[in-house]
Amino acid sequence: MDLEAIVAEDYVVNKFTLKKFENDKLFVDRQTYLLILEGTILNKKDLIQDSENWEETVINMYRQIGDTFFNQFRGSFSGCLYDKIEEKWIVFTDQLGTKPLFYSFLDGQLLLSSEIADLYLLYGAYNRDLDFDVQAGYMLLSYGYMLDGHTLSSRIKKLEAGKYIILGRDIDFSVNTYYKLPKSFISDNYDEVDIIKELDQRFRNAIELQFEKDKEYGYKHLVGLSGGLDSRMTSWVAHEMGYIDQVNFTFSQTNYLDETIAKEIASDLKHEWIFKSLDNGNFLEDIDTISEITGGNVLYYGLAHGNSLYKLLNFDNFGIIHSGQLGDVIIGSFIKDFSASNLESLGGANSRTLKSKVQSSPGGFENFAELESAMIYQRGINGANSGLLAAQYYSESLSPFYNIDFFEFCLSIPINVRSNHNLYKQWILKKYPAAAQYIWEATNQKIDQKPFSIPYKGKSIPVSQIASILLKKIKKNIPAIQTKHHMNPLDFWYNNNTRLKGFQDSYYKDNIELLAGFKDLQKDCKTLYDTGSAIEKNQVLSLLSTMNLFFREH
């Protein structure tokens, strides 16, 4: 980490950043402006004029475009600019919020940090109450992440995706939107051939932007690989485009499809491959380490499994951590069923009982375009995006599916065309048929295979579901997450690893009284932990860990 500070009469800025992609970052204090830019700007070379350096380019963009100059950036970034002439601060995060920023006011002073823990600890240092937000607690206990800009403190907010702050001489404080993903639609009017052609070209453009950034800095390509389609297509298309110097990595339960499929693909492509076993779930003991990173904004297990591998690697020679983040809901869609009843709620909550206690829970959508937009921003950007935090502790992390130009094109394709991986599978089969010759983890078969079915009660039932139906009939149906046949078999680990069970149960007992001042919430946590699944136990532990680290009196 690189640590610097700028101290002036009316502001103090501390930089604590990774020594990675340093030429993309800016931390300068000039006579007429202060400029801070963090992250990776994939289109930096396209933006720089012949006679300019990067700093001059950014400042000229501000002067020519105005307050939202950063909307021209592509990549993962956040930053701020203080115009000393206008006495105006502009604070921003990227279009999809992959670089979170948190803000608060304390004694009339605006506090900003990319690490929520900094703000939690600052309140503690000044002996100020963080004002625990019970509603946010229920968000964590139901959805597993924060909605909108909430955090567990009512005094601290997250700057949401595509938004920026203005604070100045003439504007006390305002949060503004500079970018919003377009809404999609339903239609039967489309040309699949043209769609696939355009989709493929835009995806290849996104791949090139990411992987060329590695080459610019002389880094090897570090690419996640699992049994799913998203990471497969990131690695596969990049390989076909000539980016063959890849090191793939996988973490899962030993012998699960995520391991066996990834191993086969990496071997066939002749990539180096790293596998980290998640057997027994002992990595879940890193709860406080993860909560220091997340501040309780998301379940800890979703970051802990990746962190268990990242902390073992030497990242000196690796560049971007390339992933397939959200590919299945960008080329595909969160929406699988077009029944009118699905417009009633956001869905996706692990604990549906406690979801009803979230007063701001999204619901009552007018149409599926509204629903998909809410799902993308809440479940995708607020939920899945939080998983990037562990990777960003070690390097920059990007997904080609996040490329704005690619994302917008996908949303211009009717939802019904994208739904249930229909378009996704056709894209692979037509453009990358060799990539389709491996099993897909979601179905345990190749994507061009049609399951053999037999008639059952007037319906056609795939043979692969027969065993599940029979087990259900005799009341012995066991979800995969309760067996070891799952990427993250949380219930299996909890029920079969006495060390892990003892740790989690002890952590719960040692900290549940931290909620004594919130009787209803504490009661719900007790019920959820005593009777809920391992994921629901994880939700309780994530909350208790944050309370233990930041909200208790020491």
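The values are calculated or read from the model by the stated rules, or taken from the named source; none is laboratory data. Predicted, not measured: the structure shown is a model, and the values here were computed from it. When we count neighbours, we look across all protein chains shown, and the Cβ atoms used for this are built from the backbone with ideal geometry, even at glycine.
What number of residues within the stretch 59-93 are part of a loop (DSSP other than H, G, I, E, B) and crowded, with 24+ Cβ neighbours inside 10 Å? Of the residues in that region, 1 qualify. Within the stretch 353-382, the residues that satisfy the criterion of being in a helix (DSSP H, G or I), at pLDDT below 95 and either closer than 23 Å to Lys336 by Cα or among the polar types (S, T, N, Q) (or both) are Thr353, Lys355. Taking the stretch 238-287 as the range and being of a type in the set (A, V, I, L, M) and within 21 Å of the chain's Cα centre (by Cα) as the test, the residues that pass are Leu278, Leu284, Ile287.
Of all residues in the stretch 121-138, those satisfying the criterion of being part of a helix (DSSP H, G or I) and at pLDDT below 95 are Leu121, Leu122, Tyr123, Gly124, Ala125. Taking the criterion of being of a type in the set (Gly, Ala, Ser) and in a loop (DSSP other than H, G, I, E, B), the only residue of the stretch 35-53 that qualifies is Ser51.
Exactly one residue out of Ile196, Ile207, Ile171 is at pLDDT 95 or above, surrounded by fewer than 19 Cβ atoms within 10 Å (Cβ to Cβ) and β-branched (Val, Ile, Thr): that is Ile196. Of all the criteria given as (1) over 30 Å from Leu528 (Cα atoms); (2) free of Cβ contacts under 8 Å to residues at least 24 places away in the same chain, the one not satisfied by Asp133 is (1).
Answer yes if at least one residue in the stretch 262-272 is in contact (Cβ under 8 Å) with a residue 24 or more places away in the chain, of a type in the set (Lys, Arg) and either part of a strand (DSSP E or B) or under 21 Å from Leu398 (Cα atoms) (or both), and no otherwise. No, the stretch 262-272 has no match at all. Scan the stretch 254-293 for residues that are of a type in the set (S, T, N, Q) and surrounded by fewer than 23 Cβ atoms within 10 Å (Cβ to Cβ) and jot them down. Matches in the stretch 254-293: Thr254, Asn255, Thr260, Ser267, Ser277, Asn280, Asn282, Thr289. When the stretch 1-34 is limited to residues that are part of a loop (DSSP other than H, G, I, E, B) and within 24 Å of Ile293 (Cα to Cα), the one that is modelled with the lowest pLDDT turns out to be Met1.
When you look at Asp337, is it of a type in the set (D, E, K, R) and either in contact with a helix residue (DSSP H, G or I) (Cβ under 7 Å, 6 or more places away or on another chain) or at pLDDT 95 or above (or both), yes or no? So Asp337 fails the test.
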